[in-house]
Amino acid sequence: MMDEYFSTAEASRFIKRSPAAIRNLVLRRMIPYRKPGGRLMFIKSELEQWIMNAPGVSMDEIQKEGR
């Protein structure tokens, strides 16, 4: 299966942040990205993993507490 690639604008829509916020995350090296030919590109599966690994409470943790 081939990964889907996003431009900065597409990545901003995907994670619901502004393009400027995306560029700021890139500058701070806080989001996974590639830069082929000098153009920022984002791999969808890496963005999904980045979101899944972000601090917070997972559904598993919520369900365990409810037992």
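Okay, here's what the table says:
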read-out: Gain on full stretching of the segment that runs from Glu65 to Met41 - 0.36 nm per residue minus C-alpha separation; value: 4.8 nm
read-out: Length-normalised contact order for segment 5-65 - Cα pairs under 8 Å, 6+ apart - percent; value: 31 percent
read-out: Shape parameters for segment 5-65, alpha-carbon atoms, Rg then Dmax in Å; value: 13.4, 48
read-out: Under the Karplus curve 6.51 cos²θ - 1.76 cosθ + 1.60, θ = phi - 60°, whole-Hz ³J(HN,Hα) for segment 32-38, x wherever Gly or Pro sits; value: x, 8, 10, 9, x, x, x
read-out: Residue-averaged 222 nm ellipticity for the chain, from DSSP H runs of 4+ at -39500 (n - 2.57), nearest 500; value: -13500 deg cm²/dmol
read-out: Sparsely packed chymotrypsin sites (Phe, Trp or Tyr not before Pro) within the chain, loop by DSSP, other Cβ within 10 Å at most 15; value: none
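Every read-out reported here was derived from the displayed coordinates using simple, explicitly stated rules and does not represent laboratory data. In this text the structure is predicted, and so the values were computed from the model without any measurement. Backbone-built Cβ (ideal geometry, glycine too); neighbour counts: all protein chains shown.
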